[in-house]
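Just below is one structure, and these are the notes that go with it.
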Amino acid sequence: MRKVADCREHPSESQCTLTISGEEDEVVQAAAEHAVSVHGHTDSPELREQIRSMLKDEKT
């Protein structure tokens, strides 16, 4: 099942509207890179687990 990470569900100063969808590991990787480069987070196992826990199934 494809997964989705949607920045609109997590308020930020930048009011980011990015949505990432794909296979779970791909989405976690891309969302972690985005969180670091755009939102100033530090890439860590904890960040990736937090992202993984917030993923939703993609609706078709």
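The values are calculated or read from the model by the stated rules, or taken from the named source; none is laboratory data. All of these numbers come straight from a predicted model, not from anything done at the bench. Reconstructed Cβ throughout: ideal geometry from the backbone, glycine too, with neighbour counts over all protein chains shown. Heads up: the accessible areas ignore ligands, DNA and RNA and are worked out on the full protein's heavy atoms, side chains in. Shrake-Rupley method; radii C 1.70, N 1.55, O 1.52, S 1.80 Å.
Would you check which residues across segment 11-35 are at pLDDT 95 or above and at positive phi and list them?
Within segment 11-35, just GLY22 meets the criteria.
Name the single residue, out of those in segment 14-44 being among the hydrophobic types (A, V, I, L, M, F, W, C) and part of a helix (DSSP H, G or I), that is most open to solvent (accessible area, probe 1.4 Å).
Taking the candidates together, the pick is VAL36.
Starting from residues that are open to solvent by 100 Å² or more (accessible area, probe 1.4 Å) and charged (D, E, K, R), keep the ones in segment 3-13 and report whichever is farthest from the chain's Cα centre (by Cα).
Looking at the filtered set, the residue picked out is GLU13.
Can you tell me which residues in segment 45-60 are in a loop (DSSP other than H, G, I, E, B) and not aliphatic (A, V, I, L, M)?
Within segment 45-60, GLU58, LYS59, THR60 qualify.
Cβ-Cβ below 7 Å, separation at least six or inter-chain, first residue in segment 36-58 and modelled with pLDDT under 95, second surrounded by 14 or more Cβ atoms within 10 Å (Cβ to Cβ) and in a loop (DSSP other than H, G, I, E, B): which pairs?
Pairs found: VAL38/CYS16.
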